[in-house]
Each structure stands twice: as structure tokens, then as C-alpha cells.
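My structure is below; once you've seen it, I'll send some questions.
A short reminder: the numbers here are calculations on the coordinates, not readings from a lab. None of the values given here were measured: they were computed from a predicted structure. With ideal geometry, Cβ positions are generated from the backbone for all residues, glycine too; neighbour counts draw on all protein chains shown.
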Amino acid sequence: MFSKILIANRGEIALRIIRACKEMGVATVAVFSTADENSLHVSLADESICIGPAAVTDSYLNISAILSAAVLTGAEAIHPGYGLLSENPKFARLCAQCGIAFIGPTWEIIQKMGDKDQARTTMAAAGVPIVPGTDIINDPDEAHQKADEIGYPLLVKARSGGGGKGIRLVERSEDFLNEYALARQEAQNAFNDDGVYLEKFLTRVKHIEIQLLCDQHQHVVALGERECSIQRKNQKLLEESPSPSLTPKIRQAMMEVSRQAALAIGYENAGTIEFLMDAQGHFYFMEMNTRLQVEHPITEMVTGVDIVKWQIRIAAGLPLTFGQEDVHIQGHAIECRINAENPLLDFRPNCGTISFLHVPGGPWVRFDTLLYQGYSIPPYYDSMVGKLIVHSKTRELTIRKMKAALCELVIEGIDHTSQVQLDILSHPLFIAGDYFTDFMENEFGKPLSE
Amino acid sequence: MLNKGLFKKPKNELEAQHRIKRKTDPAIPSELCRSCPSCKQLSFTSDLENNFHVCPKCGHHFRINARQRLNMIVDPDTFVEQHHELSSSNRLEFPGYDEKLEQATLFSHENEGVIIGTGKIDNHKVALFVMEATFMMGSMGQVVGEKITLIFEYAHKHHLPVIGYTVSGGARMQEGMLALMQMAKTSGAVKRHSDAGLLYLAILTDPTTGGVTASFAMEGDIILAEPEALIAFAGPRVIEQTIRQRLPKGFQRAEFLLEKGFVDAIVPRSIQKETVKRLLTLHTIPKGGDQNGSI
């Protein structure tokens, strides 16, 4: 086991990791920017080192400062948390070169999964279903034939595309050739590259992800799924586990495919495979997150597995002490991300000093936060200030518990999102489990028909 | 700041008992980072390699060797070196020169202070010479002069443009007059190449001084320079000691020479290949055209 770990992150996740280390008897080193000197993680860690000014590029993304801090304090491993440097292959590689263990997968895997194309082909080769589509097609007739095989609606996407440019939706076969030509023209004009490919257009899909733990001895366990379809502009707002829409058969298939993929690519440490699932229960690979995720606590609640502790043990070379057959999903858990954003002003982030804080309590209620009374939220970083997680026997009981907990949460001094989450929890489509990734955009806030 | 002793320490024993036995303590290997002589900031060697050996923070151009330059400018696998075997001897029996040559060869892994050959730049066939700073500071002796003359003669014979990278401390003092006459010899070769209507593109890098500046470096049809390169005949220290005056900041740097009209453009490394490619395209005689470029 490592005797000392440096946590290259801030906020609630730094606290989460320090707490795991304290239980394990591992000494901790916190790093912080000048704007964070009053942060909780700085006080909670055994040692803390300032690594630069407020801007993340100069502090939390400053690789040389972080590595120097690790070397100076004699930290044997670095936990990158999520975001920041957690999926930076260069950082992982430099850690290895400095003789410091990076708590996460190898840099080669991070690099491979960070490249959209490479991740897709790697996963397809490992037997994971991917969204039906083609490689680059230059011949219109061949493209048309392939399009008919894939079925409509479909997307013509530019290889160099981005920012919504170079994507055209084709609804019917008779429109295909026209749209295909337009897409190529548009791509040529916008990116000077008319390479396009076809991809099935998925409507009404759910975002489902499988949590994996893989040790260095080829043991892989899947810790069930999380449903994260409640998103606003690709930012998750509320997650639950298990998903209300997964049949045991699909769950089994999804977990098995994910485990096989992790084995095939030689994955190590905690990781998540994200899928899109349509209303018929077909699921397709979206991407792999090679790090700890924000919403990991709901999996911890329903499985009883401490994911962060296992990340550290795995990085230290210890084998998993349980197998897939020992993983039992018990009850239901929901997480709400409390962001310092004003829902009435189009979720504009805000900051300020916390004049009063009341944290909800009671059995199976967990609030992971960087807040304390009197804390001033600096304006430089992510707007998430806490995660409220509750666990209960059934989904219905969990929704009740979450509503009660949200009402008990009081954060004075800033605007935050808890009212939005209360509204989501009361929405009939959410209660029915009948929601998709377009929920926030198309359903939420609309007058109900009845 | 929150009180450091705010939280008590739980004093839990280290889980899993055994500590990992490490072969070495964590350390940052010295070859992993380089500090920039200009802004003193630390950069990772891999970042510098990906950034043409230019400091990502302040734009300082680190000195690089001739092979690295060739890799940057010439299309992959197209460079064919010529006369690699030529090496210098101590004809004047200058004391200590033999040892110096031996050391320079070991240090630079090259036989002399310049590499010549042919290659393609974006499919334009060109003759190239690239001087090597790690071999006695790229000083010009008989072999350097001879190799440069040879490449101009080869380019003349085969109707090729010449692209030349200069970096030099000047004529090699250990070879005395034999080194100085290389100035006239190389200039003659440049003139004959020029009279044939062929292009010579000189790129001056830090530092280009002495006899090299006074001959082929300044004879290019187009003279480019890298940012802040020192380009001089007598260096600033010699001038300061002679006239007993402090020289203005930036004296004899590329930007100063551009202002005075000795240099045509300053081209950072990141756009060097692109610039050379465009200049070559502009100066290539279309197929079927005559030497005046008309078709």
C-alpha cells in the first residue's frame, strides 16, 4: 500500500479522496491555488502545497508544479480525481517517468479512449455494439446503398466536423443524394475537407453507463449501471442507479459486454463505459471514461463497494477480493448535483459567501460538498458545490427521500439548482421512468397535458 | 486561512500492512524538463519536441542540431546525404586542434560542421546544406567550405535551388588562411549558381557570425532569419570592448537586421516549412516554360 498520496484536484472530490485515504491510514498531500487557500481540502489533508495562481492552467493543470509537489513531499502516488488532469495521457505518462503511481489506467489506454475514432474501432473490435454507420464514403451511389441498409433517419457527418457544422439529417431515402451532396459541399467550404461518413440517427435515447473495476491481475467486475439521461446542455443534473428502464436481460448483456471489452483492451483501475440505449433496448457504445466519475456515489450506495478505496488498492497492485458473483445491487440510489447556478437566469453561475448552511441528515443521506458556513466560493472553477445522494429500498421510496432531503438543504448566500431537481422528481415522466436525454430540453417546464 | 489544526488525525494504521517496496524514490529525471534561457520557465522535453523546440511560454527558439532541422524541413525519407565521409586534418599543426576535432566528432556524432545533400520539400527537389552548431560551433574550415562549394556546384549542374541553414562562429582559427579563403571559394560557387538563374534561400539561425556572415550567409537571393537570432560579423562583446560603449538592446539580433534591410523576413520555426514551400512554389519554373518563367 502507498504510504502517501497526492490529490491533484480540488473541491468535493479532493475531500472524497482524502477521506478514503484517512480510513486507509494513508497520508495525504493536497495541492491548491492561491484562490483556494481557504478550501476545506487544504485543511483536511495532512500536508498542503500551493501550486500556483487562481487560473487552472497555472495551478491545477500545471503539470510541472504538481509533479514537483509530489516529489518534494515524497508522495508515492497521485490521484487525479475527475476533470482537470484525470484523462490527460501526457500527465499519466510523466507520472510514470517520475516513478510516481498514477491512480488510473495506463497512459496508452487513456490516449486510445480519448480519441473518438480510435475508441470506436477499439470497442467494435472488442465486441461492443457501436452506432451503425460507415467509414468515409466518397461515391454517392455506394453511399446511398449503405444508407438504405442502415435505415432512416440518419446523419451525414463531416470527418472534420465540429460545432454543429457539417452534419445533415436525412429523413427519407429519396432525399439522400441531395443531402449527401450538400453535406460534402458544406464540409468542403467549412473545413476544406469533404470527407463524410454516415451514422444512424438515434432519437429518444437514454444515457446508461456501466461502472467497472479492473485490477492488475485480469479480474474485472461490473458494478451495475447508472442512468444519466437528465442532462442540460450535456451536463448531468440528476443520476440514478439502477436505471428504471433496464430489464434484467439487457442489464446482464450490457455488463457482460463491458466486462469483455475491459478485458480485451487490458483495462486497469476504475472506468466507465457509456452507452446510448433506444426505446427498444438496443444499446450502442458512446465513449469510455477512464477515470472516477462525479456520480460514482450512487453505485457505491447500491453495491456497498467503496470505489475510491478500490482505485487506490488496485493502483498499489492489490487484487480484487470479490468477484462478479459477489456484486448484488441492493435498493435504489439517486444523486442530485447542486450547482451554484441560477435556474431563473438560464442557469447563470454565481458565487458568493455562504452565510448559512444546513446539510440534510438522517439514514442513507449523503452530502459530498466543499461548502462550510462562511466559505466564499471563488469565481474561477466549476459551479458544482455539492452532491446530494440518498439510498432506499425502492425507487419510489428513494424519490420521496430525495425530495425530503432537498427541502432540508439550505445554502444561503448563493443561488443554486435544488428547486429544479425537486421539480424533476415531481415530473410524471420522471416518476414513470419514461424519460430520455431530451427531457430537459423538450419535456421539462412544458405545461402538462392533463 | 482555515486553521491547520481544525481536524484531528484519525491515526488509522496503514491498511494491508505491507508498504510497497520501491526501487527508487519518486524523482523528476533531469532529461524530462528543460528550463528556457529566456523566460526561465520549465518546459517538458516532449512539449518542446512537439513545438519545434520553441518555448511554448515565451517563443524562445532553442538551439537544435542539423539532423533535427532536416527532419523539420525535408519530406520524410527523401534526404540523401552527400560527402558525409569528408573530415578535417590538422595541416597547420595547430596545437591542440587534433584533440578538439576528436572531441567535436564524439560530441556531435558528425564528421564536420555541415551536412549537405538533396531532398524534397513538399515534392520540390532541392539541394540543402545545414550547419551543425555542436561541431566546434559550426566554424568554417576547409571541409565546411568544400562541402558548401560542392553542394552549390551539384545544384548548378542539376538545376536545383539551394536551401541553406547557417549557424556558425565564423572561420575556424585553427586553419588560419586556409579557412579564410573558403569565404572567397564559397562565394564563387554561389555566384556561378546564381548566374545560372537558380534560387538560393539562406536561413540564418542563432548565431551566424564572422566569416560565414561575410560570405555565403549573406549572399542568398532571399535571406530569412529565425526570431532573435544573433547575426553579426564581429560579435557584440568584441564591439563593446573595442569602442568601450554599451550597445543598445537587440543590437545585431534578427529583428534589428530586418529593420536595417539585411534580412528579408523573420520566420518562426512553426511556419518555416510552409514559408519555404511557398517560396519554392513561387520560384519554380513551370514545366514547358523557359528560364524567364514564360510559357
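Report the full-extension gain for the segment A:K249 to A:D115: residue separation times 0.36 nm, less the Cα-Cα distance, to one decimal in nm.
Full-extension gain reported as 45.2 nm.
Under 12 Å from the 7 Å Cα→Cβ point of B:F262, by amide nitrogen: which residues of the range B:238-252?
Residues passing the 12 Å test: B:251-252.
List the residue ranges in chain B for DSSP H helices whose C-alpha atoms run 20 angstrom or more along the long axis and whose Kyte-Doolittle average is 0.0 or above.
In chain B, the long hydrophobic H runs are B:142-157.
Continuing with this model, one more query. Please work out the FRET efficiency for the pair A:A404 and B:D122, using the Cβ-Cβ distance as r and a Förster radius of 45 Å; give the result to the nearest 0.05.
Efficiency computed from Cβ-Cβ geometry: 0.05.
Counting other Cβ atoms within 10 Å of each Cβ, which GluC sites (Glu not before Pro) in the range B:93-153 have at most 13 and sit in a DSSP loop?
B:E93
Nothing charged except the Cβ atoms of Lys and Arg (+1) and of Asp and Glu (-1): what's the magnitude of the dipole of the range A:205-443 about its Cα centre? Round to the nearest 20 debye.
360
What cysteines in the protein assembly as shown have no other cysteine with a beta carbon less than 4.7 Å from their beta carbon?
When partners are defined as cysteine Cβ atoms under 4.7 Å apart, the protein assembly as shown leaves A:C21, A:C50, A:C95, A:C98, A:C214, A:C228, A:C336, A:C351, A:C407, B:C33 without one.
Cross-link list A:K387/B:K11; A:K4/B:K11; A:K90/A:K112; A:K4/B:K8: which exceed 20 angstrom alpha carbon to alpha carbon?
Distance filter (> 20 Å) returns A:K387/B:K11.
Right, another one. If you build the convex hull over the alpha carbons only and average its shadow over all orientations, what do you get for the range A:205-443? Give it in nm² to one decimal.
In nm², the orientation-averaged hull projection of the range A:205-443 is 13.1.
With r as the distance between the Cβ atoms of A:L429 and A:A190 and R0 = 45 Å, compute the FRET efficiency 1/(1 + (r/R0)^6) and round to 0.05.
The pair A:A190/A:L429 has a calculated efficiency of 0.75.
I've got another one for you. What number, rounded to the nearest 500 deg cm²/dmol, is the helix-based mean residue ellipticity at 222 nm of the protein assembly as shown, given -39500 (n - 2.57) per DSSP H run of at least four residues and division by all its residues?
Estimated from H runs of four or more residues: -9500 deg cm²/dmol.
Moving to a separate point now. The range A:94-169 to the range A:395-450: how many Å between their Cα centroids?
Centre-to-centre distance over Cα atoms comes out at 34 Å.
Counting DSSP beta bridges in the protein assembly as shown, what percent are antiparallel, to the nearest 5?
70
Can you tell which of B:V162, A:H207, A:I431 lies farthest toward the positive end of the dipole of the protein assembly as shown, using +1 and -1 charges on the Cβ of basic and acidic side chains (Lys, Arg; Asp, Glu)?
Of the candidates, B:V162 comes out farthest on the positive side.
Let me ask something else. Return the equivalent ellipsoid semi-axes of the protein assembly as shown as a descending list in whole Å, where each equals the square root of 5 times an eigenvalue of the C-alpha gyration tensor.
Semi-axes from the Cα gyration tensor: 60, 34, 24 Å.
Ranked by Cβ crowding within 10 angstrom, fewest neighbours first, how are A:S376, A:S33 ordered?
If I rank by nearby Cβ atoms, fewest first, I get A:S376, A:S33.
Counting other C-beta atoms within 10 Å, and keeping those with at most 13, which DSSP coil trypsin sites (Lys or Arg not before Pro) do you find in the range A:357-450?
Of the trypsin sites (Lys or Arg not before Pro), the ones in loops of the range A:357-450 whose Cβ has at most 13 other Cβ atoms within 10 Å are A:K393.
Connecting C-alpha atoms closer than 10 Å in a GNM of chain A, tell me which of A:V410, A:V29, A:V220 has the biggest fluctuation.
With Cα springs under 10 Å in chain A, the top fluctuation among A:V410, A:V29, A:V220 is at A:V410.
Could you calculate the contour length gain from A:N38 to A:D438, that is, 0.36 nm times the residue separation minus the distance between their Cα atoms, to one decimal place in nm?
140.1 nm is the gain from fully extending A:N38 to A:D438.
Moving on. Count, for each residue of B:26-35, the Cβ atoms from other chains sitting within 10 Å of its Cβ, then give me the mean as a whole number.
Neighbouring Cβ atoms belonging to other protein chains average 5 per residue here.
Here's something else I'd like to know. Tell me which of A:N38, A:P80, A:C50 sits at the most positive position along the dipole axis of the range A:4-103, charges placed on C-beta atoms (Lys, Arg +1; Asp, Glu -1).
A:P80
Could you give the angle, 0 to 90 degrees to the nearest 10, between helix A:176-191's Cα long axis and the longest principal axis of the Cα atoms of chain A?
So the inclination is approximately 50 degrees.
Mark the label point 7 Å from the Cα of A:H217 along Cα→Cβ and return the residues of the range A:234-265 whose backbone N is within less than 18 Å of it.
Only A:263 fall inside the zone, counting backbone N under 18 Å.
Is there a simple number for the mean count of other chain Cβ atoms within 10 Å of the Cβ of residues in B:6-16, and what is it?
Mean partner-chain Cβ count within 10 Å for B:6-16: 5.
Follow-up. Quick one: grab the alpha carbon gyration tensor of the range A:125-213, order the square roots of its eigenvalues as a ≥ b ≥ c, and give me rounded if a/c is under 1.5, else prolate or oblate depending on whether a/b is larger than b/c.
Cα axes put the range A:125-213 in the prolate bin.
Give me the dipole magnitude in Debye, nearest 20, for chain B about the Cα centre, with unit charges on the beta carbon: positive for Lys and Arg, negative for Asp and Glu.
So the magnitude is around 1420 debye.
Going by how many other beta carbons lie within 10 Å of each one, how would you line up A:M123, B:M131, fewest first?
Exposure proxy ranking, most exposed first: A:M123, B:M131.
Rounded, prolate or oblate for the range B:64-282? Axes are the square roots of the Cα gyration tensor eigenvalues, ordered a ≥ b ≥ c, and the cut-off for rounded is a/c under 1.5.
Oblate, because a/c is 1.5 or more while a/b does not exceed b/c.
Within the range A:239-271, whose backbone N sits under 17 Å from a point 7 Å along Cα→Cβ of A:D326?
A:269-270
Separation between the A:E256 and A:S3 pseudo-spin-labels, each 7 Å from Cα along Cα→Cβ, expressed in nm?
4.7
Would you mind checking the tilt of helix A:395-408 against the longest principal axis of the Cα atoms of chain A, expressed as 0 to 90 degrees and rounded to 10?
With both axes taken from Cα atoms, the answer is about 50 degrees.
Right, another one. Using the charge dipole of chain B (Lys, Arg: +1 at Cβ; Asp, Glu: -1 at Cβ; taken about the Cα centre), state which of B:L201, B:N111, B:P268 has its Cα farthest towards the positive end.
B:P268
I've got another one for you. So which trypsin sites (Lys or Arg not before Pro) in the range B:229-272 are both in a DSSP loop and have at most 16 other Cβ atoms within 10 Å of their Cβ?
Here the sparse-neighbourhood loop sites are B:R244, B:R246, B:K249.
While we're looking at this one, here's another question. Rounded to the nearest 20 debye, what is the charge dipole size of chain A about its Cα centre when +1 sits on each Lys and Arg Cβ and -1 on each Asp and Glu Cβ?
900
Need one word for the range B:195-239: rounded, prolate or oblate. Basis is the Cα gyration tensor (sqrt eigenvalues a ≥ b ≥ c); a/c below 1.5 gives rounded, then a/b vs b/c decides.
oblate
Let me ask you something else. For chain B, modelled as a Gaussian network with Cα springs under 10 Å, which listed residue fluctuates most, B:K100, B:K185, B:K273?
Among B:K100, B:K185, B:K273, the largest mean-square fluctuation in the Gaussian network model of chain B belongs to B:K100.
Separation between the A:C50 and A:L344 pseudo-spin-labels, each 7 Å from Cα along Cα→Cβ, expressed in nm?
With each label placed 7 Å out from Cα toward Cβ, I get 3.9 nm.
Only Cα pairs within less than 10 Å get springs; with that Gaussian network setup on chain A, which residue of A:N178, A:N339, A:N234 has the largest fluctuation?
A:N178
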